[in-house]
Each structure stands twice: as structure tokens, then as C-alpha cells.
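Notes follow once the structure below has been shown.
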Amino acid sequence: MSASTQGAGVRPFLIGATWTTGQGTPFESINPANGARNGLIGSASREDVDLAVRTAKAAQARPEWRAMLPHRRAAILHRIADLIEAHAEELAERQMRENGKLRAECVAQAAGGAAAYRYFASICETMPAEVAPSRGDHLSMVLYEPFGVVAAITPWNSPLTLESQKVAAALAAGNAVVLKPSEFTPTIALRVAELALEAGLPPGILNVVTGLGAETGSALVAHPDVRLISFTGGTATGKAIAREAAGRMAAVALELGGKSPHIVFADADLDKALQGVLHGVFSSSGQSCIAGTRLFVERGIHDAFVARLVQAAKALRVGPPDDARSQVAPLSSFVHRDKVEAMVDMAREDGAEVLAGGSRPADPALADGAYYLPTLIGGVTNDARICQQEVFGPVLCVMPFDNEEDLVAQANDSFFGLAAGVWTRDFPKAWRVARAVEAGTVWINTYKTLSVSVPFGGFKESGSGREKGFFGIRTYQEAKTVMVGL
């Protein structure tokens, strides 16, 4: 029975070619825009996870995928991309109902998911091995082998793109995957897995187990046959995964939290900078690891720029994700909205000034959803808790800086190092700051410009390893040296 024809009961998950509701306790999927119930989802127990990993291991050991010629493997990945594009509206609708993201963003992310499969298909077909310079009477070759079974654990904020980026790269590298999506956004992975089988992916090469992190996720991370754990999510969880993996020397790829500095110099194009700052923190309702949540404005223009920013933030239209007029949608869940709200209250207790927002919207039409107003916080210094802790919501902290040296010191004064943005007309200055800021991605006169063709990851506690780009496929491979005597 396919997942899409299961009916009104518990939504099953996929192990091999079998759809099963599992032995765990089913859980509800809730629409954060209105509190409506999306459905009941099957939960994978520890025994179900064990079966999924063993199924993946057996499938990867067979030659159908591991030894498939690269151009044929690429053809299947291209067919998956074709099917994602053909079902883009359906997939976008699923994401919108499950995490509340604006419909336009969901449609764009469906296209991004298909693009990830196409990109890694092209790398799969063209990826070279290496012949190292000889230091004797032998031929030295470097080959790249799949790990075997990869556990991919993904968050709820952008499953259409994040799941595709992980799974497409891992499959292109020749691995088998057990994907555990967030319990808040479970069905996108299930539908894409169904499409992958339709595209000709051998059963068992992509398995999807749904459930809560404490049971399903923990069992997957701890399984001895999982050779690589690829995780995107919170830093605390990433550290726990790294500790578990270290006990058996499993590899990890971790894309974790951020508290990214967004920098506006006095000589910037201030109109463009204003729009960049708004987009950088309030798109996706602030639920983005790369959100520019610490705004540093050169002191000479600080007050005037912040006044414009406050006015613009208050003018943003908060509304349902399926309303084309909406600019800020609900947060992904009521639990998460309450967490964001509590962190703003904490900032108030610490003496911060709320310049805009700082509450749920008063509109009665939005009362049943997990909405929170775009919020600006001033009157703080960079060592404040609200400036050091990741909020993961539509909350921006605004601070002045005096000079380049002062700016770099403040920007780097964070446990995180995921992204940064710089606005200035002075390119040498922009280059100096970009090199000095400790971040995996730095944007100059733009923000949140993303591409599957460049590596992505963080410094410090924002993670380890890189995804996307050519580096993205190497993350899912191990180097092997072969020496041939001559």
C-alpha cells in the first residue's frame, strides 16, 4: 500500500518497500496557522529503527546502487527531481500546512529541492577520482567510497530544501539513507520517498522513519550500523549527537544554530540595507539558522536608521500563509511561539527596550494561530542574553558600533559562527570585515542569497563539516588510497 493511498487513518512511514505505522505511539500533526489537525502520524519504535537501518545496510551492500554506473545513478536522481517538480504545488501545500511558512516560500523551496537532486546528479556523473604524484615505482590513486548507512535528521523550518540537500548528496555518493524528519513536518519526506521509489530508486536505499526525537531520533543516532550522522538543528542536540557518535567513531556532519551579525556602515546604500535587514531576519518568520538577528549599525546613522527600521517592521503584514498579502506567517508550532515569547519577556526583565512588536497580534482573525509580531529590541549590549542566545523567531537586537575594530570584536563575540552580512559601498572595507568575521558564509550588500553550488556550514558552535557544493558530496564519502606497484 502506498503512503498516498493509506486513507484517513494513521499515516505510515517507509522501510524498504513497505509502508508501516510502526510500533510507537502515533502523534498528531497540527497546522500552526489555525490549530487544525493535519492528521495522525505513525511513530517508529527502537525496533522499527533497527529494522530500517538493517534494511538500508542490506540494500547498500547489494550492487544495484553501490555499484551502479554513475550516469545511471544520476538518471534516477534526475527522475526524482522531475517528480518533485511535477508535484511541487502539493509538496508546497504540505509544508505550508505543517510549518506555517508562506506559500510563496514553500513553492520556491520545492523548486530548490528539485534543484538539489539535479545538482548532485550532475556531480555524481562528472566527479573525478585522483592520481597523486608518484614518489616511487608505483601508481598512487585516491578513490572515494560511500560510508554505507547514513542517518539524516532534519528540522522543521525548511524540510523541502534541507531534506533534499542531505538525501540527494548522500545518494549521489552511493550511500543508503535512513531519514528522520521533524515530528512537526513529517509528511514531506514521506511523499518524496514515495516519488523516489516511483523514479526507480532501489527499495531500502531511502527509508523514512517518523517519530519524536527522544525515541525515534535517539535510536537512530545510537544504532551501531549507522556510519555517518548528518544533522541540522539546535546546538545542544548537535553536541549530544557528537558525543554519542564519538563513542563508536561514527562520522558526523552538523549544521547547528546561529546568531548572525548583520552590519550596516554609514556609507552603505541605506535603502537597500534596510530591505536586506528586514528580509534577513523576518523572512520565514525568523525561523532560519542564518537569520541576521544581531544588527550592528554605525553610530553616526544608528538612531535615524533604527527609526526607519521600526517603522518598516511595524508595517509588515502578519497573516495566514496562504494569503498572498501576508509578509510574516505564523511560527511553526504553538510550543515554539511560546518559547519565542518567553525569550522576549526575558529580555524585558533584563532591561531591554522593545522598539516594535514584542507580542502576539491583536487581530482576532489570527487568535487561533501561532503568530508573533516582528520584534525589534534596543537598549542592549552584545553580552545580553537575548544577544547571545538563539531565539529562532522574528526578533532582532539592534546595537551601535564606533569603528571597524569595535565592530569585528562585537561580531565575533558569540559562541556561534554561521553567517554574517555587511553593507557598505567601500569594497576594501567590506573585504576586510568579511575576512575578519568568524562565519561560514558572509554576504556583502545582499543577505540570505543561497545556492546549492557553494559549501554551507558554520564556525565554532554553529557546526562542523559542509553541505552543498562539491564539498557536499565529499561529506558523504570516505577517501581510499590504492597503490599499484609498477
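So for the range 96-104 (the condition being touching a Lys or Arg at 6+ places or on another chain (Cβ under 6 Å) and over 25 Å from PHE147 (Cβ atoms)), does at least one residue qualify? Talk me through it step by step, then tell me what you get.
Applying the first criterion (touching a Lys or Arg at 6+ places or on another chain (Cβ under 6 Å)) to the range 96-104 yields 96.
Next, from what is left, pick out any that are over 25 Å from PHE147 (Cβ atoms): 96.
There is at least one residue in the range 96-104 that is touching a Lys or Arg at 6+ places or on another chain (Cβ under 6 Å) and over 25 Å from PHE147 (Cβ atoms).
How about the range 214-333: which helices (runs of 4 or more DSSP H) wholly inside it have at least 2 residues that are in contact (Cβ under 8 Å) with a residue 24 or more places away in the chain, within 20 Å of ARG466 (Cα to Cα) and assigned by TED's automatic domain parsing to the domain that holds SER182?
It comes to 235-246.
Looking only at the range 255-287, filter to residues that are among the small types (Gly, Ala, Ser) and surrounded by fewer than 21 Cβ atoms within 10 Å (Cβ to Cβ); which one of those is farthest from PRO320 (Cα to Cα)? If you could, list the steps in order and put the result at the bottom.
The initial filter retains those residues of the range 255-287 that are among the small types (Gly, Ala, Ser), namely 257-258, 260, 266, 268, 273, 276, 280, 283-286.
Next, only the ones that are surrounded by fewer than 21 Cβ atoms within 10 Å (Cβ to Cβ) stay: 266, 283.
Numbers: ALA266: 36, SER283: 14 Å.
Filtering the range 255-287 for residues that are among the small types (Gly, Ala, Ser) and surrounded by fewer than 21 Cβ atoms within 10 Å (Cβ to Cβ), the one farthest from PRO320 (Cα to Cα) comes out as ALA266.
What tally of residues in the range 401-425 results from selecting those that are part of a strand (DSSP E or B) and closer than 21 Å to ARG299 by Cα?
Restricting attention to the range 401-425, the residues satisfying the condition of being part of a strand (DSSP E or B) are 401, 416-417, 419-423.
From what is left, the residues that are closer than 21 Å to ARG299 by Cα are 401, 420-423.
Count: 5.
Name the residue, out of ALA384, ALA420, that is of a type in the set (A, V, I, L, M, F, W, C) and surrounded by fewer than 20 Cβ atoms within 10 Å (Cβ to Cβ). Give the derivation first.
Numbers: ALA420 fails: surrounded by fewer than 20 Cβ atoms within 10 Å (Cβ to Cβ).
Only one candidate qualifies: ALA384.
Can you tell which of SER333, SER326 is of a type in the set (Ser, Thr, Tyr) and in contact with a Lys or Arg (Cβ under 8 Å, 6 or more places away or on another chain)?
Values: SER333 fails: in contact with a Lys or Arg (Cβ under 8 Å, 6 or more places away or on another chain).
Testing whether each residue is of a type in the set (Ser, Thr, Tyr) and in contact with a Lys or Arg (Cβ under 8 Å, 6 or more places away or on another chain) leaves just SER326.
Identify all residues within the range 207-216 that are surrounded by fewer than 24 Cβ atoms within 10 Å (Cβ to Cβ) and under 19 Å from the mean Cα position of the chain (by Cα); write none if there are none. Spell out the reasoning first.
Initially, the range 207-216 is screened for residues surrounded by fewer than 24 Cβ atoms within 10 Å (Cβ to Cβ), giving 212-215.
Across the range 207-216, the qualifying residues are LEU212, GLY213.
Considering only residues that are within 29 Å of ALA36 (Cβ to Cβ) and surrounded by fewer than 24 Cβ atoms within 10 Å (Cβ to Cβ), which ones fall in the range 162-189?
Correct list: GLU183, PHE184.
Given the structure, is PHE415 touching a strand residue (DSSP E or B) at 6+ places or on another chain (Cβ under 7 Å), aromatic (Phe, Trp, Tyr) and over 22 Å from LYS272 (Cα atoms)? Break it down into steps so the answer makes sense when it comes.
Values: touching a strand residue (DSSP E or B) at 6+ places or on another chain (Cβ under 7 Å): yes; aromatic (Phe, Trp, Tyr): yes; over 22 Å from LYS272 (Cα atoms): yes.
It is true that PHE415 is touching a strand residue (DSSP E or B) at 6+ places or on another chain (Cβ under 7 Å), aromatic (Phe, Trp, Tyr) and over 22 Å from LYS272 (Cα atoms).
ARG66 versus (1) crowded, with 16+ Cβ neighbours inside 10 Å; (2) within 26 Å of the chain's Cα centre (by Cα); (3) charged (D, E, K, R): which is the lone unmet condition?
Exception for ARG66: condition (2).
Could you check the range 427-486 and list, in sequence order, the residues that are on the phi > 0 side of the Ramachandran plot and among the basic types (Lys, Arg)?
Residues satisfying the conditions are LYS448, LYS460, LYS468.
With the structure loaded, tell me whether ARG46 is surrounded by fewer than 20 Cβ atoms within 10 Å (Cβ to Cβ), touching a helix residue (DSSP H, G or I) at 6+ places or on another chain (Cβ under 8 Å) and either closer than 20 Å to THR154 by Cβ or in contact (Cβ under 8 Å) with a residue 12 or more places away in the chain (or both) or whether it fails that test.
Details: surrounded by fewer than 20 Cβ atoms within 10 Å (Cβ to Cβ): yes; touching a helix residue (DSSP H, G or I) at 6+ places or on another chain (Cβ under 8 Å): yes; either closer than 20 Å to THR154 by Cβ or in contact (Cβ under 8 Å) with a residue 12 or more places away in the chain (or both): yes.
For ARG46, the condition - surrounded by fewer than 20 Cβ atoms within 10 Å (Cβ to Cβ), touching a helix residue (DSSP H, G or I) at 6+ places or on another chain (Cβ under 8 Å) and either closer than 20 Å to THR154 by Cβ or in contact (Cβ under 8 Å) with a residue 12 or more places away in the chain (or both) - is met.
Does the range 427-448 contain at least one residue that is touching a Ser or Thr at 6+ places or on another chain (Cβ under 6 Å), surrounded by fewer than 23 Cβ atoms within 10 Å (Cβ to Cβ) and not in a strand (DSSP E or B)?
Looking through the range 427-448, at least one residue is touching a Ser or Thr at 6+ places or on another chain (Cβ under 6 Å), surrounded by fewer than 23 Cβ atoms within 10 Å (Cβ to Cβ) and not in a strand (DSSP E or B).
Please go through the range 98-108 and give me each residue that is crowded, with 23+ Cβ neighbours inside 10 Å and part of a helix (DSSP H, G or I), ordered by number.
GLU98, ASN99, CYS106
Pairs under 6 Å by beta carbon, first residue of a type in the set (A, V, I, L, M, F, W, C) in the range 426-440, partner surrounded by 17 or more Cβ atoms within 10 Å (Cβ to Cβ) and in a helix (DSSP H, G or I), six or more apart or different chains?
ALA436/VAL408; VAL437/ALA411
Do we have VAL398 as more than 21 Å from ALA236 (Cβ to Cβ) and part of a strand (DSSP E or B) here?
On the way: more than 21 Å from ALA236 (Cβ to Cβ): yes; part of a strand (DSSP E or B): yes.
The answer is yes for VAL398.
Any residue in the range 369-391 that is part of a helix (DSSP H, G or I) sitting within a Cβ distance under 9 Å of a residue that is of a type in the set (Phe, Trp, Tyr)? List the pairs, counting only those 6 or more apart or interchain.
Taking only residues 6 or more apart or on different chains, the pairs are GLN388/PHE415; GLN388/PHE416.
The values are calculated or read from the model by the stated rules, or taken from the named source; none is laboratory data. The structure displayed is predicted, hence computed values, not measured ones. Every residue, glycine as well, gets a Cβ built from its backbone with ideal geometry; the counts of neighbours run over all protein chains shown.
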